[in-house]
Each structure stands twice: as structure tokens, then as C-alpha cells.
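S.K.: Following this message is one structure expressed as C-alpha cells.
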Amino acid sequence: MKPRTLFEKVWDRHVIDQEKGKPAILYIDLHLIHEVTSPQAFEGLRLNGRKVRRPDLTVATMDHNVPTANRNLPVTDGTSAKQMDTLAQNCRDFGIRLYDLHDPGQGIVHVIGPELGLTLPGKTIVCGDSHTSTHGAFGSLAFGIGTSEVEHVLATQCLQQLKPDTMEVHVKGSLPPGVTAKDVILALIAKIGTDGATGTVIEYTGEAIRNMSMEERMTVCNMSIEAGARAGMVAPDETTFRYLEGRPFAPKGEAFERAKEDWLELRTDEGAVYDRRVELDASQIAPQVTWGTSPGMGTAVTGRVPDPESFPTETEKKSAKRALEYMGLTPGTPMTEIPLDRVFIGSCTNARLEDLRAAARVVKGRKVNPRVRAMVVPGSQQVKRQAENEGLDRVFLDAGFEWRESGCSMCLAMNDDTLKEGERCASTSNRNFEGRQGRGGRTHLVSPMMAAAAAIEGHFVDLRNWNPED
Amino acid sequence: MEAFTKHTGKVVPLDRANVDTDQIIPKQFLKRVERTGFGQYLFYNWRFDMNGNPDPEFELNREEYAGGTILLTRTNFGCGSSREHAPWALLDFGFRVVIAPTFADIFYNNCFKNGILPIRLPEKTVDTLFQRIETKETRTLTVDLEETRISDGNGFTTDFEVEPYRRYCLLNGLDDIAITLQKEEQIHSYEENIPQYYRIEKEQGV
Ligand code: SF4
């Protein structure tokens, strides 16, 4: 048999029909839904008198709109409340499991899928959300879809898909202390651009990826979409199995052992070819900070704000100029001299337990700079409880951080957590687009440790040689 | 979905690269539970200032481009969030065609589901079009999906490529859910063989 890549193996297992010149019809093992991109899909089903084919393989949560302040108060924003009520009603009507605002399992969809063990190697997983790529960290094929496709999956449990190309991102060597998975993915995007992987599914390989925990792999896969990729994948291994064993929806006992054997086949065969290939050297990566309004506009923390004239093409020059205007930055400014107003530790990229632990280690015994307002928004209720059991909430609160309820929060600022015009924020989220965190707000993407140190100092620091005064 | 065969309309140039879906339709407008009514919020933060007054400089507000139905823009259009509200807003505003050197995958796909035709043209051709609009040589374009050809009736003509199946669906305004539902037998037999460990039982979980 012809050697195949990890992606091809998972793809092949799910093609139920492939006519020549047409897209494949792909079976979907898990469909995750949330309040923002699903209402119109259910409306479509009703209009056409269709049912949800597999309510059992559909799981819903509320995350994008939810308030992160006190959960016992009613949701004050009427339109958000309506969207959540609509989801609850749809789930009742169609018999779909829902983790609602008051459920101990609630959280950001890409955080709860893995922690509940719904995300398993070899599955096809879709969600009306581009960061569905996160779940690929387990060797599943997971990608974001639009609302029409949400409706398609609800009605048929299948999708029509043209087969994407493959791209290998090989990260060799090991990461220096102070450099994290977030820095790897930011460095990759800075290198290949926000459309560098368009039309492809990335597989991450190499020693640096193998040595990562599941949470780190999720951070990397999460931002594959920011490089333009449909999905990111990592072949499952012992790290994956250790993470999954004992999770509520993961198979148990003997069934787990059988599954494991099957999952071990999910690796790229010797001699299989990818359509494209990029290599990074982990040992050469420095902590990253973005300076612009696209995730590819980033540099090492030791770098400076670039001069728009230094870019090769007219279009890039223009983009950089516009970005610097929006960001209120002057070319040549060292990244470490940019003063900050806000710090946000949260989002499906970096709000898992390990992220909070890493940030807490930096914060412990120190105080947030008085100029800065800093908040931590755990990715899920479970992450929040675990963190509280470890006393991380105290570490953050004592330092002057706010400690919130779980949700997307200021990653996209659909709830009350927003930047004001002109406010500058170090954020562990994934998008620094204009207005993403609030109209006129300025976002710099960084790792949780970088964000934590920035909160203490009031500006970015190079973690690798940071010696706080106190 | 409305079928798309041939369309003639005014071109609106948007000379920016990497326009993300957060710009096309900012998140504060994603709270509607309907598919309609998004046009008024298209490019909201660029069209209107903080006080809700139109920015006269922004292309969509310029009188010469009023009523435009074809958007001409730069690489990687529609990147970022998967929100289908982006094509809904474009369509509701009146756009039927978007021309760019490249599109982000999810947005590109979402367009076809809504009767919008996204056309990839080589960077050079897009440059030429921007120049011709600047000099007013090109004002309108006719986009013929059957012939896969674009012309401005004033000396500019180019062919474009689109995946044959997508073209076929758009030309006929096909409902692809109905197409997949015809595969009931295959879906059913696939489901019989799904590994036990991928099943999700009622009593499982938390
Ligand atoms: S945390 Fe941000 S990126 Fe992740 S699902 Fe929520 S809004 Fe999307």
C-alpha cells in the first residue's frame, strides 16, 4: 500500500462516498456547537422540516457571549441572553446535550472537548468556529465550518469536502527556558504569513512537538488557522493516551486498550510525502510579541517595531503602515518599551490549567503594575475549579489580577469584557485584528508567562533574562 | 440559495490585504439569531466613526461606488473567524461577486453556500483592475459563470477558474444538504461500523 500521512489516514477512514470530480462526503464523528453560529442552522432545519440526524454525536456549550462576572446574576445583555436561550431551546427541541451557563462542565468549546474526553484520536470533529483546529492535537481531523455547514452536519452527520493539501511543519531541537508553545506558533506564522498554509492541513512533527504536553500541542494546533490552514494535527502517542485515560467520555479499561492499538496506527508512514514542508529550529526561537493587526505581524521580544518601508511589496508596506497607525506605534521602538494598560490571560489558546500554572509561577509574590488592569479568565469551569484547588486563584488575586468565570471573554469581547478605545493589551488569545478586543483597542499577542511578566512590569520583558527588582 | 449565472454590476475597490471577517462584520453584530439584516453592519468600524457618522473617505461610502455589487480587493480576503455572517452581510449589502488574488478557505467556502461568487485572479490582473478603476476605464464588470469570463465592456477581458463542482452547484442554486441526503444508504452502512469507542452513550460523561 502507498505510504500515507496521518491526515490521509484519518481522511480515508471517513470518506463514505467519492464520485469523480466531486467533493468527498465525509462522515463527522463529533459536532460541537455554541450559541453564536448555530441559531440560523436550526432555523434552516425547521424551515425544511429536517431533523438532527445524530443528536448523540452533537454537543453544545455556551461560551462566546457568556458573562464572566458573577454567574448568579441574570445576563444583563438582552441580545446575548436571547442567543443563549435560543441555543437552550434548540437543544431541548432536538435532544442535544448542552453544557449551559450553570453547568460544572461549561467552558470554551475547544477547552471542554478535550477535557471531557470527547476529543479522541482519529475522529473527525467540526464546529462552527475556526479554532476547532485545536482538537487536532490528539490526531483527530478537526476544522471550523460556517453556519450552512453546521446545518449540513446537523441534518446529515456528513460534510461535502474537497480534499485539502498537506503541509509538514517540522520543529526540531528543544525549546529554551522561557520559550513556550505559543512562541513556536507565533514564530511560525511570522515566518510563513497568515496565508502561508492556506488550503492545507498541517501536521506538526519533530522533537520539540513530541516533547510537548497535550496542552502545549493544543496551543500550537489552535493557531494553525492563523497561518491559513484548515486544520493542524499531531500524531497520537503515549502523551496523548496518558492525557485521555480516565476522562469522562474516553473509552474505559479494555476498550481503551483496544482503541489505543488502533490509534497507534495513526502516524505518517515512512516515505509518505507532504505537499509542502517547513522547518523551524526550536532552540532559535525567542519569546514572541506581535506589533500589528494580524497574527503574522510579530517579532522576538528583543526586536523593534519595524519600519513599513522595510517590507518588500507595496501591499505589505501599506498594511504595515495602517497597522502601526492603528496600534499607535512608532517604527524603531524596542518591543520592551511599549507601555501597557491591560493584560488578558484567557481564550481557547492559553487558558488551560498548565497555562494558568505557568502564569502563576511568574506572578507569585509580586504585584501587578499599578497602571495595569489585569484579568485571568479560565477556559472552563473545570479548569477554574482545579486552579482554585491548587490555590492559583489566590496567587493571582493577591497580585492584583481579577479572577473570572470561564468563557471566551476578551478574546473577542462579545460580552462586557472589552478594551476601551486606545487601550493597549498584552493578550494570550489568538487574534490581534482591529477592534477584536473592543473598538479602537490594541492587542499584542503573547504567551501566558510573557503576559504575566508584562502585568508586573507594565511593559514587555524578555523572560529569558528577567530579574524583577523586588 | 439563489442561482448565479451572469452578473453585471459596478465595482468597488477595497485596496487592503488580509481583510479579516472581524472587519467585514464586527462581533457586536453577531448576536442576531436570523440570517438577514446584516448588510447595515458591513465593515461597520470602517464605514462609521465612533459617533456613528459615515467616514466619507471609506470606499463603500464614496458616491462614485454607491450601489456597487462587485468587490475588488487584495490577498487573503476573509481570513480569521469562520462566521458566515460575513458573506451574509456582503450579500445583504448587495454584493454578488468578490474578486481577490486569494481567499481564506472557510470564507471562500461560505460564499458558495450563499450565492456569492468569489473569484481568484492572478495578483497582476488584480493590479490592472485597480489601476483601470482609478483611471475610470473600468466602472462595471460583467461576470459570466457559464463562460467563466469577466469583462468590463471597455477592452478588459479575462478568464477565471473555479472548481467545476462548485460552479455547477452555484449555476443551479443547488441545496447540497438534499444532495448528501440522497446518500442515506452509504451513511447508514458507515454508521453501522463506527468503532464502539467513538459512540457517545446517554449515561456517559458529566
Ligand atoms: S476563546 Fe476566542 S478564539 Fe477561542 S472560541 Fe472563544 S472567541 Fe473563538
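The values are calculated or read from the model by the stated rules, or taken from the named source; none is laboratory data. Since the model is a prediction, treat every value here as computed from it, not as a measurement. Backbone-built Cβ (ideal geometry, glycine too); neighbour counts: all protein chains shown.
S.K.: Just need a number here: residues in the range A:271-319 that are in contact with a strand residue (DSSP E or B) (Cβ under 7 Å, 6 or more places away or on another chain), among the basic types (Lys, Arg) and over 28 Å from A:THR180 (Cβ atoms).
M.R.: 0
S.K.: Hey, does the range A:345-355 have a residue that's surrounded by fewer than 18 Cβ atoms within 10 Å (Cβ to Cβ), of a type in the set (D, E, K, R) and assigned by the TED database to the domain that holds A:LYS384?
M.R.: In the first step, residues of the range A:345-355 are kept if they are surrounded by fewer than 18 Cβ atoms within 10 Å (Cβ to Cβ); the result is none.
The answer is no, given that none of the residues of the range A:345-355 is surrounded by fewer than 18 Cβ atoms within 10 Å (Cβ to Cβ), of a type in the set (D, E, K, R) and assigned by the TED database to the domain that holds A:LYS384.
S.K.: Can you go through A:ASP77, A:ASP63, A:ASP56 and tell me which one is among the charged types (D, E, K, R) and surrounded by 21 or more Cβ atoms within 10 Å (Cβ to Cβ)? Quick ask: steps written out before the conclusion?
M.R.: Working: A:ASP77 fails: surrounded by 21 or more Cβ atoms within 10 Å (Cβ to Cβ); A:ASP56 fails: surrounded by 21 or more Cβ atoms within 10 Å (Cβ to Cβ).
None of the other options fit; the residue is A:ASP63.
S.K.: Could you identify the single residue in A:LEU162, A:LEU186, A:LEU98 that is aliphatic (A, V, I, L, M) and facing chain B (nearest Cβ under 8 Å)?
M.R.: Numbers: A:LEU186 fails: facing chain B (nearest Cβ under 8 Å); A:LEU98 fails: facing chain B (nearest Cβ under 8 Å).
It is A:LEU162.
S.K.: Related question: Check every one of the helices (runs of 4 or more DSSP H) wholly within the range A:181-288 and list those with 3 or more residues that are within 15 Å of the chain's Cα centre (by Cα) and not assigned by the TED database to the domain that holds A:ALA358. Spell out how you get there, then give the answer.
M.R.: Values: elements: A:181-192, A:207-210, A:214-222, A:238-244, A:253-263.
Output list reads A:181-192, A:214-222.
S.K.: For B:ASN172, which of the numbered conditions (1) at pLDDT below 95; (2) closer than 19 Å to A:LEU159 by Cβ fails to hold?
M.R.: Result: B:ASN172 passes all but (2).
S.K.: Just to be sure, is A:MET233 out of contact with any Asp or Glu (no Cβ under 6 Å at 6 or more places or on another chain) and buried (at least 21 other Cβ atoms within 10 Å of the Cβ)?
M.R.: Details: out of contact with any Asp or Glu (no Cβ under 6 Å at 6 or more places or on another chain): no; buried (at least 21 other Cβ atoms within 10 Å of the Cβ): yes.
So A:MET233 does not fit the description; no.
S.K.: While we're looking at this one, here's another question. Is there a residue being away from the ligand (no atom under 16 Å from the Cβ), assigned by the TED database to the domain that holds A:ALA453, buried (at least 17 other Cβ atoms within 10 Å of the Cβ) and assigned to a helix (DSSP H, G or I) anywhere in the range A:363-374?
M.R.: Looking through the range A:363-374, at least one residue is away from the ligand (no atom under 16 Å from the Cβ), assigned by the TED database to the domain that holds A:ALA453, buried (at least 17 other Cβ atoms within 10 Å of the Cβ) and assigned to a helix (DSSP H, G or I).
S.K.: Could you list all residues from the range B:171-188 that are more than 8 Å from chain A (Cβ to nearest Cβ) and within 30 Å of A:LEU116 (Cα to Cα)?
M.R.: B:HIS188 - this is the single residue of the range B:171-188 that is more than 8 Å from chain A (Cβ to nearest Cβ) and within 30 Å of A:LEU116 (Cα to Cα).
This table checks each residue for (1) within 14 Å of chain A (Cβ to nearest Cβ); (2) among the small types (Gly, Ala, Ser); (3) farther than 19 Å from B:PRO101 by Cβ.
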site: B:ALA3; (1), (2), (3): no, yes, yes
site: B:ASP15; (1), (2), (3): yes, no, no
site: B:ASP20; (1), (2), (3): yes, no, no
site: B:GLN28; (1), (2), (3): yes, no, yes
site: B:ARG35; (1), (2), (3): yes, no, yes
site: B:GLY39; (1), (2), (3): no, yes, yes
site: B:ARG47; (1), (2), (3): yes, no, yes
site: B:ILE70; (1), (2), (3): no, no, no
site: B:HIS85; (1), (2), (3): yes, no, yes
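S.K.: In the set A:ALA451, A:ALA455, which member is within 15 Å of the ligand (Cβ to nearest atom), surrounded by 24 or more Cβ atoms within 10 Å (Cβ to Cβ), farther than 30 Å from B:ASN51 by Cα and aliphatic (A, V, I, L, M)?
M.R.: Working: A:ALA455 fails: within 15 Å of the ligand (Cβ to nearest atom).
Exactly one residue qualifies, and that residue is A:ALA451.
S.K.: Given the condition within 22 Å of B:ARG199 (Cβ to Cβ), more than 15 Å from the ligand (Cβ to nearest atom) and more than 7 Å from chain B (Cβ to nearest Cβ), answer yes or no: does some residue in the range A:104-116 qualify?
M.R.: So far as the range A:104-116 goes, no, none of its residues is within 22 Å of B:ARG199 (Cβ to Cβ), more than 15 Å from the ligand (Cβ to nearest atom) and more than 7 Å from chain B (Cβ to nearest Cβ).
S.K.: Given the condition within 16 Å of the ligand (Cβ to nearest atom), of a type in the set (A, V, I, L, M, F, W, C) and away from chain B (no Cβ under 14 Å), answer yes or no: does some residue in the range A:302-317 qualify? Explain how you work it out, then say what you get.
M.R.: Taking the range A:302-317 as the starting set, the residues that turn out to be within 16 Å of the ligand (Cβ to nearest atom) are none.
Looking for residues that are within 16 Å of the ligand (Cβ to nearest atom), of a type in the set (A, V, I, L, M, F, W, C) and away from chain B (no Cβ under 14 Å), one finds none in the range A:302-317, hence no.
S.K.: Sticking with this structure for a sec: Using the structure shown, decide if B:GLY78 is farther than 30 Å from A:SER224 by Cα and in contact with a strand residue (DSSP E or B) (Cβ under 7 Å, 6 or more places away or on another chain). Give the steps one after another, and end with the answer.
M.R.: Working: farther than 30 Å from A:SER224 by Cα: no; in contact with a strand residue (DSSP E or B) (Cβ under 7 Å, 6 or more places away or on another chain): yes.
Taking the combined requirement at face value, the residue does not satisfy it.
S.K.: Does the range A:375-425 hold any residues that are surrounded by fewer than 17 Cβ atoms within 10 Å (Cβ to Cβ), within 14 Å of chain B (Cβ to nearest Cβ) and away from the ligand (no atom under 15 Å from the Cβ), and which are they?
M.R.: A:ARG385, A:LYS420, A:GLU421, A:GLY422
S.K.: Here are the criteria: (1) part of a helix (DSSP H, G or I); (2) within 16 Å of the ligand (Cβ to nearest atom). Tell me which single one B:SER82 does not satisfy.
M.R.: Unmet condition: (1).
S.K.: Looking at A:LEU324, A:LEU329 in this structure, which one is more than 13 Å from chain B (Cβ to nearest Cβ), in a helix (DSSP H, G or I), crowded, with 18+ Cβ neighbours inside 10 Å and more than 24 Å from the chain's Cα centre (by Cα)?
M.R.: Unique residue meeting the criteria: A:LEU324.
S.K.: Okay, next question. Which number in (1) hydrophobic (A, V, I, L, M, F, W, C); (2) within 11 Å of chain B (Cβ to nearest Cβ); (3) within 21 Å of the chain's Cα centre (by Cα) marks the one condition that A:ALA81 misses?
M.R.: (3)
S.K.: Turning to a different aspect of this structure: Inspect all residues belonging to the range A:445-465 and state whether any of them is in a helix (DSSP H, G or I), in contact with a helix residue (DSSP H, G or I) (Cβ under 8 Å, 6 or more places away or on another chain) and not hydrophobic (A, V, I, L, M, F, W, C). Before the answer, list the steps.
M.R.: The initial filter retains those residues of the range A:445-465 that are in a helix (DSSP H, G or I), namely A:448-457, A:463-465.
Filter again for in contact with a helix residue (DSSP H, G or I) (Cβ under 8 Å, 6 or more places away or on another chain), leaving A:448-453, A:455-456, A:463.
Now drop any that are not not hydrophobic (A, V, I, L, M, F, W, C), which leaves A:448.
The answer is yes, given that some residue of the range A:445-465 is in a helix (DSSP H, G or I), in contact with a helix residue (DSSP H, G or I) (Cβ under 8 Å, 6 or more places away or on another chain) and not hydrophobic (A, V, I, L, M, F, W, C).
S.K.: Please name all residue pairs, on different chains or six or more residues apart, with Cβ atoms under 7 Å, provided the first residue is in the range A:373-384 and is basic (Lys, Arg) and the second residue is in a strand (DSSP E or B).
M.R.: From the range A:373-384, the pairs are A:ARG373/A:ARG342.
S.K.: A further question on this structure: Any idea how many residues of the range A:399-420 are free of Cβ contacts under 8 Å to residues at least 24 places away in the same chain and either of a type in the set (A, V, I, L, M) or closer than 16 Å to B:LEU30 by Cβ (or both)? Working first, answer last.
M.R.: In the first step, residues of the range A:399-420 are kept if they are free of Cβ contacts under 8 Å to residues at least 24 places away in the same chain; the result is A:418, A:420.
Among the residues that remain, those that are also either of a type in the set (A, V, I, L, M) or closer than 16 Å to B:LEU30 by Cβ (or both) are: A:418.
Residues meeting the conditions: 1.
S.K.: Only residues that are without any contact (Cβ under 8 Å) to a residue 60 or more places away in the chain, closer than 23 Å to B:LEU170 by Cα and outside any loop (DSSP other than H, G, I, E, B): list them for the range A:13-71, please.
M.R.: A:ASP17, A:GLU43, A:LEU47
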